[in-house]
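Below: one structure, written as C-alpha cells.
Laboratory data are not the source of any read-out in this text; all were calculated from the coordinates shown. Being a predicted model, the structure only gives us computed values, none of them experimental. Heads up, the Cβs are rebuilt from the backbone with ideal geometry, glycines too, and the neighbour counts pull from every protein chain shown.
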Amino acid sequence: MFPLHDPLHETVREELSFYDDLTAALLARRGVLSREEAEKFLNPSYDLHLHDPFLMVDMEKAARRLSHAILSGERIGVWSDYDCDGIPGGVLMHDFLAKAGANFENYIPHRHEEGYGMNVAGIEKLAKSGVKLIVTVDSGITDVEPIARANELGMEVIVTDHHLPAEKLPDAFAILNPNARPVRGKMPEASGSPSASASNGTRAEETYPFKSLCGSGVAWKLVCATLAAAPALRERVPEGWEKWLLDMVGLATIADMVPLTGENRVLAAYGLLVMRKSPRIGLQKLCRGMRVDQRKLTEDDVGFMIAPRINAASRMGSAEDAFRLFTTDSESEADLLAKKLEKMNRTRKAEAGTITRAVHARLKEKGAVRSVIALGDPEWRPALLGLVANTIADEYERPVFLWGREGNMRLKGSVRSGGGVHILELMRATENTFTEFGGHRAAGGFTVEDTAVFFLEDRLVEAHGKMQKEEADDDLLMRADAVVAPEEITDAFLTKIERLAPFGMENPKPVFLLREVFVRRISHFGKGEEHLKLNVCSREESESGIDAVTFFAKGPLARVAETLAANSRAHLLAHIERDTFSRENPVRLRLLDLRVA
C-alpha cells in the first residue's frame with residue numbers, strides 16, 4: 001500500500017497550534033516550523049518579505065553604471081537567453097529601459113544557430129551597432145571568452161545570471177549572481193564611479209541571503225536597484241511602476257522550476273496577481289487563444305500552457321516571436337504572434353510525436369530492450385528530445401538517452417531516468433563519451449562525441465551494470481500527506497489547500513490517499529482516447545462521486561487501470577484541484593497512482 005508521512009512531533013504541533021492538523025502538517029513538511037515562519041509562508045508580502053537588492057555583491061556598482069548609461073544616452077545591449085526565463089527577463093529589461101527613455105537594443109541568440117549563452121559573433125554585432133554597455137539576462141556567468149572580446153571592443157558587461165559558475169569567472173564590469181563564488185585577490189577600491197574598472201578577477205563573498213532566484217528575478221533586482229540609485233530616473237519612471245514587471249518575473253520564476261520558497265514565493269504569488277490584471281496585450285491574446293481565463297491564472301496555467309508556447313518559439317523557430325508578443329503594443333501584431341506561437345506549439349507536439357513513433361519502430365526492430373535505451377538521428381531536433389525521452393522512459397521504466405544534431409553540427413540530446421537510476425551518476429560513470437552533460441537525478445542533457453555515438457548504448461549499459469541499482473523502498477515511494485474520503489473533498493477543503501499555493505519545486509502539491517474507494521465508472525477521453533477518468537465514491541450505494549483524471553495515461557498506472565472494472569474497489573493517490581475547463585469549475589482529483597484493493 002501507499003505509505004503515509006510520519007505524524008508531527010508533539011513539539012512542532014504545539015508550535016503550529018494556531019493551525020488545523022492538515023495545514024500544520026503541510027507546513028512542517030515544507031520546513032516551516034514556527035508561527036512566525038508560517039505567517040510569512042501563508043501571507044507572502046511584497047513590502048515585508050523581499051530582500052534589499054543592494055545586499056547582492058556588485059549591485060551598487062552595476063546600478064550606478066546602468067543608470068549612468070541610461071541618463072547619458074549610451075547605447076545599451078540586453079543579451080538574454082532564449083528560454084522561458086531569458087525571454088521574460090529580456091522583456092522586463094526592454095520595458096524598463098523604454099520607460100526610462102534609454103538608448104538600447106535587445107539581443108536573443110538563435111537556439112539552433114548560435115546555441116546557449118553569449119558568443120563572439122553576437123558580441124561583435126552589438127559593437128558595430130554602437131553598444132557600450134551589455135547587460136546579460138539568465139546567461140553570462142560561464143562566458144569568459146565572449147566577455148573578454150567585449151572588453152577588447154571597448155564595451156563593459158554587467159552579468160545578471162543565476163547558474164553555477166565554471167572554474168573561472170568572466171572579467172565582467174559587474175557580476176550579479178547569488179550563486180557566484182568569491183574570487184580571492186586584491187579587491188578594487190569602491191569608487192562608485194560609473195567608469196570603475198572591471199572585476200579584475202576579484203570578487204567578495206556573496207552576501208545576498210537567497211540563492212534560488214531565477215535569471216529574470218536577478219534582472220528585476222537590478223531594475224529596482226537602478227531606480228533606487230538614480231533619483232533622476234524617478235522623473236521618468238513613477239514610484240511603484242516596477243511592480244508591473246512582476247508578470248514577467250512571476251512567469252519566469254514558475255516556468256524555470258526554481259524552488260518556490262523564500263523570496264521566490266513572493267515573486268511567484270505577486271507575479272500571478274499582476275498576470276491576472278496585466279494590460280499586456282500579448283499575454284491577453286495568448287490566454288484567449290488557449291481558452292484560459294486570464295483573471296484566474298494559476299501556476300499550472302503558466303507551467304503547462306504558457307511556458308510550452310514560449311519555449312516553442314525557440315524550439316521551432318525564433319525566440320524573437322515570443323519576445324515581440326510580450327513587448328508589442330499593437331493588437332493586430334499580438335494577435336498574429338499569439339496564433340503563430342499556438343501553431344508552433346502544435347507543430348512541436350506533432351514533431352515530437354513523429355520522433356516518438358520512430359523510436360518505437362526502432363525498438364521493435366531491435367527486439368530485446370536493454371537496461372538503457374540510447375538512440376539518435378542527425379535529423380532529430382535536439383530541442384524536442386526531452387519530451388520524447390520522457391514518454392519512452394515512462395513507458396519502458398528505464399533510462400532513455402536520445403540525441404540529434406544542432407545547427408552548429410554538435411550531437412546534443414536529452415535523458416530521462418525512468419525511475420530508480422540517478423542520471424548524473426550514470427553519465428559520470430560512462431567514461432570518454434560525453435563532452436558536456438548536466439541535470440539532476442531524473443533528467444538531464446548532454447553533448448556526445450561524434451566518434452562515441454556509435455557505442456553510446458553499449459557504454460551506458462556497461463556503466464549501468466556496474467552501478468548498484470537503487471531499490472524502490474518506502475523512502476523512494478511517493479508519500480501521502482493524509483487519508484481522505486471522497487465526500488470530504490469539497491470546495492472548502494480545496495480552499496484550505498490553496499492557502500499554500502503557488503505550488504512548485506520544494507513546495508509540491510499535497511498528495512492524498514483514498515483507500516478502498518468504489519469505482520463507479522471508468523472511461524477514456526481525448527481524440528485518441530489517451531486520457532483516463534474514474535468516478536469514485538466511498539460506498540456502492542452513494543448517489544454521486546468525484547472524478548479522478550490523468551492525462552496521457554501510461555506506464556504502471558495505465559496497466560492497473562486496464563485490470564479495473566466498474567463496481568470494483570481501488571486505492572488512489574491523487575492531488576486535489578479545480579476543473580477549470582468545466583462550466584461550474586467542480587473540484588476533482590488528479591490521479592497519480594492506482595492500486596487494485
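Listing R405, R280 from the residue with the fewest other Cβ atoms within 10 Å to the one with the most, what is the order?
Numbers: R405 19, R280 23.
Ascending number of Cβ neighbours within 10 Å: R405, R280.
Apply 1/(1 + (r/R0)^6) to the Cβ-Cβ distance of A204 and E506, taking R0 = 25 Å, and write down the FRET efficiency to the nearest 0.05.
Details: r = 28 Å, r/R0 = 1.11.
Efficiency at R0 = 25 Å is approximately 0.35.
How much length is gained on full extension from F54 to R236, taking 0.36 nm per residue of separation minus their Cα-Cα distance? Spell out each step's value before the answer.
Numbers: separation 182, 0.36 × 182 = 65.52 nm, distance 2.18 nm.
Going from the current span to full extension adds 63.3 nm.
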Checklist entry - Once volume of the Cα convex hull per residue in Å³ is worked out from the coordinates, which option in (1) 174; (2) 157; (3) 219 does it equal? => result (1)
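How large is the dipole of the chain about the Cα centre if only Lys and Arg carry +1 and Asp and Glu carry -1, each at its Cβ, rounded to the nearest 20 debye?
Numbers: 77 positive and 89 negative charges, 264 e Å.
Here the chain has a charge dipole of around 1260 debye.
If you restrict to DSSP beta bridges whose two residues both lie in the stretch 482-596, what percentage is antiparallel, to the nearest 5? Write out the running numbers ahead of the final one.
Numbers: 27 of 31 bridges.
Taking every DSSP beta bridge within the stretch 482-596, about 85 percent pair in antiparallel fashion.
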Item to check | Spacing of the two label points (7 Å from each Cα toward its C-beta) at S45 and S330, in nm | outcome: 4.5
Next on the checklist: Cβ neighbours within 10 Å, averaged per peptide: list 128-134, 61-67 in order, most packed at the top.
Outcome noted: 61-67, 128-134
Checklist outcome for this item: When the charge dipole of the chain is computed with +1 on Lys and Arg Cβ and -1 on Asp and Glu Cβ about the Cα centre, the Cα farthest towards its positive end, among F54, L4, V453, belongs to V453
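Applying 1/(1 + (r/R0)^6) with R0 = 22 Å to the Cβ-Cβ distance of E342 and F304, what FRET efficiency is obtained, to the nearest 0.05? Display every interim value, and only then the final one.
Numbers: r = 15 Å, r/R0 = 0.66.
About 0.90, to the nearest 0.05.
Can you order the peptides 16-23, 534-541, 251-258 by their average number of other Cβ atoms within 10 Å per residue, highest first?
Numbers: 16-23: 14.8, 534-541: 16.5, 251-258: 27.5.
Packing order, densest peptide first, comes out as 251-258, 534-541, 16-23.
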Checklist entry - Looking at the square roots a ≥ b ≥ c of the eigenvalues of the Cα gyration tensor of the stretch 342-487, which shape do they give, rounded for a/c under 1.5, prolate if a/b is larger than b/c, or oblate? => result oblate
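Just need the relative contact order of the chain here, percent rounded to a whole number, with Cα pairs under 8 Å and 6+ apart. Display every interim value, and only then the final one.
On the way: 1166 pairs, mean separation 66.3, N = 597.
Answer for the chain is 11 percent.
Only Cα pairs under 8 Å and at least 6 apart count here; give the relative contact order of the stretch 482-596 as a rounded whole percent. The partial results should precede the final answer.
On the way: 216 pairs, mean separation 31.6, N = 115.
Relative contact order of the stretch 482-596: 27 percent.
I need F454, F2 ordered by Cβ neighbour count within 10 Å, fewest first.
Numbers: F454 8, F2 19.
With the fewest neighbours first, F454, F2 line up as F454, F2.
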Checklist outcome for this item: The pairs in K99/K340; K99/K221; K349/K527; K527/K554 lying past 19 Å Cα-Cα in this model are K99/K340
Checklist entry - Between M409 and R362, what is the FRET efficiency for a Förster distance of 30 Å, r being their Cβ-Cβ separation, to the nearest 0.05? => result 0.85
Next on the checklist: Full-extension gain between E152 and T435, please, as 0.36 nm times their residue separation minus the C-alpha to C-alpha distance.
Outcome noted: 99.0 nm
Next on the checklist: Just to be sure I understand: of the beta bridges DSSP finds with both ends in the chain, what percent are antiparallel, rounded to 5?
Outcome noted: 65
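Mind checking the full-extension length gain between D377 and A166? Use 0.36 nm per residue of separation minus the Cα-Cα distance, one decimal, nm. Kindly include the intermediate steps, with their values, before the conclusion.
Details: separation 211, 0.36 × 211 = 75.96 nm, distance 3.05 nm.
Full extension of this stretch gives 72.9 nm more.
For each of W380, W220, count neighbouring Cβ atoms within 10 Å of the residue's Cβ, then give the residues from fewest to most.
Working: W380 23, W220 29.
Placing the least packed residue first, the sequence is W380, W220.
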Checklist outcome for this item: Once both label points are put 7 Å beyond Cα along the C-beta direction, the S544-S34 separation in nm becomes 4.5
Checklist entry - Hey, rough spin-label estimate for K466 and E530, points 7 angstrom out along Cα→Cβ, what's it come to in nanometres? => result 3.8
Checklist entry - Magnitude of the Cβ-charge dipole of the stretch 521-572, K/R +1 and D/E -1, about the Cα centre, nearest 20 debye? => result 180
